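Undergrad: Questions regarding the structure given below will be posed in turn.
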Amino acid sequence: MKTREVHIVGNWKMNQTLHEISNFFIEMTKMKMELKCKAWIAPQSLHIPILKEIAFTTGAIQVGAQNCSNHDSGAFTGEVSPAALADMGVEFVIIGHSERRTIFGEDNKLLNEKVLAVLKHNLKVIYCVGETLEERESNDTFKVIEEQLKVGLQNVPADKAHLVLIAYEPVWAIGTGKVASAEQAEEVHAFIRGKLTQNSEQTIILYGGSVKPDNIDSLLRKENIDGALVGGASLKAQDFKQLCSASNHL
Ligand code: 13P
C-alpha cells in the first residue's frame, strides 16, 4: 500500500487536434473510470481552456501546462505567462522537460526562475530531471541530477515546498521505447528523495520515459516511484485509462 497518492500525468507535447481531443474524452467517458489515482493532462497551451471545460464536466482530470515563462507579463513575444495560466485555472506546470533543456537550451538557472515564477501563483510544479545516455555511460547520472535539483529548486519557500513534484526522466528513455528497468528507476528515485531538503517524504516523484500499460505495474510497485509522466501512451484513451487504473490493484 502506497502512502503517497499515485499520479499519472499525460504530457501531450505538441500533439492532438480538436477532433482527436474530442474522441479521447468520448472514449474516456465510455470507459467509465473509477480512478484511485490522480489523473493529470498537460495539452498544448492553446488547448488548455478546452480541456478545462471538459475537466469541469467530467470532474476526473486536472489540467496543466507543459512550460511557461519566467516572467509574469511584458514584451516577451510568443511566451506563456504563469500569471495567465493561474488566471485560466491551470493546476500545474511542467518545468525543465528534457526537450526544453536540449532543444530550447533552458539551463538550471533559468529553470529555477521558472519554478519560482510558477510557485508564486500557488500552482503545482513538476520539475523534471534526468541524465543523457552519455552521462549515464560515464557514471555521471547522480552528479547531473544532484546539480539539476540543487540549482533548479534553490530558494523554494518552505511554505510552497508541498507544491513541488519531481519527474525523473532519463533522456535516453524518452520516446525511444527503452524504459529504464524498475530497479534502475528506483535507484535514482531513492537518490532524489535523499537529496530533497524540504518535504522529502511526501514529495511525489514520477518516472517518465516509454511508460506503457505493460511496464507501469513493475514501476509503481517500487517504494519511491509515485506515478508516471507519460508521453506517447497518454495520447490514446485506452492506454491512458489502463495506466490510470494500474494503481487500483496496488
Ligand atoms: P514517452 O512516454 O513518449 O517516452 O515520453 C516521455 C516524456 O517525455 C513525458 O514527459
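Undergrad: Any residue at all in the stretch 196-213 that's open to solvent by less than 50 Å² (accessible area, probe 1.4 Å), near the ligand (Cβ under 10 Å from one of its atoms) and among the hydrophobic types (A, V, I, L, M, F, W, C)?
TA: Among the residues of the stretch 196-213, at least one is open to solvent by less than 50 Å² (accessible area, probe 1.4 Å), near the ligand (Cβ under 10 Å from one of its atoms) and among the hydrophobic types (A, V, I, L, M, F, W, C), which makes the answer yes.
Undergrad: Any residue that is of a type in the set (A, V, I, L, M) and either part of a loop (DSSP other than H, G, I, E, B) or touching a Cys at 6+ places or on another chain (Cβ under 7 Å) (or both) - is there at least one of those in the stretch 4-12?
TA: Yes, the stretch 4-12 contains a residue that is of a type in the set (A, V, I, L, M) and either part of a loop (DSSP other than H, G, I, E, B) or touching a Cys at 6+ places or on another chain (Cβ under 7 Å) (or both).
Undergrad: Among what's in the stretch 52-68 and is under 13 Å from Leu123 (Cβ atoms) and hydrophobic (A, V, I, L, M, F, W, C), pick the residue that is surrounded by the most Cβ atoms within 10 Å (Cβ to Cβ).
TA: The qualifying residue surrounded by the most Cβ atoms within 10 Å (Cβ to Cβ) is Cys68.
Undergrad: What about Ile192, is it surrounded by 19 or more Cβ atoms within 10 Å (Cβ to Cβ) and closer than 21 Å to Cys244 by Cβ?
TA: Judged against the criteria, Ile192 is not a match.
Undergrad: Here's a follow-up. I'm checking my understanding of the structure. Among residues of the stretch 69-80 that are hydroxyl-bearing (Ser, Thr, Tyr) and without any contact (Cβ under 8 Å) to a residue 24 or more places away in the chain, which one is surrounded by the fewest Cβ atoms within 10 Å (Cβ to Cβ)?
TA: Filtering the stretch 69-80 for residues that are hydroxyl-bearing (Ser, Thr, Tyr) and without any contact (Cβ under 8 Å) to a residue 24 or more places away in the chain, the one surrounded by the fewest Cβ atoms within 10 Å (Cβ to Cβ) comes out as Thr77.
Undergrad: Follow-up. When the stretch 81-105 is examined, which residues are found to be within 16 Å of the ligand (Cβ to nearest atom) and either buried (at least 20 other Cβ atoms within 10 Å of the Cβ) or assigned to a helix (DSSP H, G or I) (or both)?
TA: Those that are within 16 Å of the ligand (Cβ to nearest atom) and either buried (at least 20 other Cβ atoms within 10 Å of the Cβ) or assigned to a helix (DSSP H, G or I) (or both): Phe92, Val93, Ile94, Ile95, Gly96, His97, Ser98, Glu99, Arg100, Arg101, Thr102, Ile103.
Undergrad: Please pick out the residue among Ala185, Ala161 that is assigned to a helix (DSSP H, G or I), away from the ligand (no atom under 16 Å from the Cβ), of a type in the set (Gly, Ala, Ser) and under 18 Å from the mean Cα position of the chain (by Cα).
TA: Ala161
Undergrad: Let me ask something additional. Scan Gly209, Gly232, Gly194 and give me the residue that is modelled with pLDDT of 95 or more, on the phi > 0 side of the Ramachandran plot and not hydroxyl-bearing (Ser, Thr, Tyr).
TA: Gly209 is the lone residue from the list that is modelled with pLDDT of 95 or more, on the phi > 0 side of the Ramachandran plot and not hydroxyl-bearing (Ser, Thr, Tyr).
Undergrad: Filter the stretch 222-245 down to residues that are in a loop (DSSP other than H, G, I, E, B) and surrounded by fewer than 24 Cβ atoms within 10 Å (Cβ to Cβ) and give me whichever is nearest to the ligand (Cβ to nearest atom).
TA: Restricting to residues being in a loop (DSSP other than H, G, I, E, B) and surrounded by fewer than 24 Cβ atoms within 10 Å (Cβ to Cβ), the top hit is Gly231.
Undergrad: So which residues in the stretch 136-164 are open to solvent by less than 60 Å² (accessible area, probe 1.4 Å), over 15 Å from Leu111 (Cα atoms) and not aliphatic (A, V, I, L, M), if there are any at all?
TA: Arg136, Asp140, Thr141, Pro157, Lys160
Undergrad: On to the next question. Would you check if there is a residue in the stretch 111-125 being crowded, with 20+ Cβ neighbours inside 10 Å, touching a strand residue (DSSP E or B) at 6+ places or on another chain (Cβ under 8 Å) and touching a residue at least 60 places away in the same chain (Cβ under 8 Å)?
TA: yes
Undergrad: Still on this model: Can you find a residue in the stretch 27-49 that is within 24 Å of His121 (Cβ to Cβ), more than 18 Å from the chain's Cα centre (by Cα), surrounded by fewer than 18 Cβ atoms within 10 Å (Cβ to Cβ) and not polar (S, T, N, Q)?
TA: The answer is yes; a qualifying residue exists.
Undergrad: If only one of Leu133, Leu250 is within 16 Å of the ligand (Cβ to nearest atom), modelled with pLDDT under 95 and open to solvent by 40 Å² or more (accessible area, probe 1.4 Å), which one is it?
TA: Leu133
The values are calculated or read from the model by the stated rules, or taken from the named source; none is laboratory data. Not measured: the values here are computed from a predicted model. Ideal geometry is used to build each Cβ from the backbone, glycine not excepted, and the neighbour counts take in all protein chains shown. Quick note on the areas: whole protein, heavy atoms, side chains included, nothing else; ligands and nucleic acids left out. Shrake-Rupley method; radii C 1.70, N 1.55, O 1.52, S 1.80 Å.
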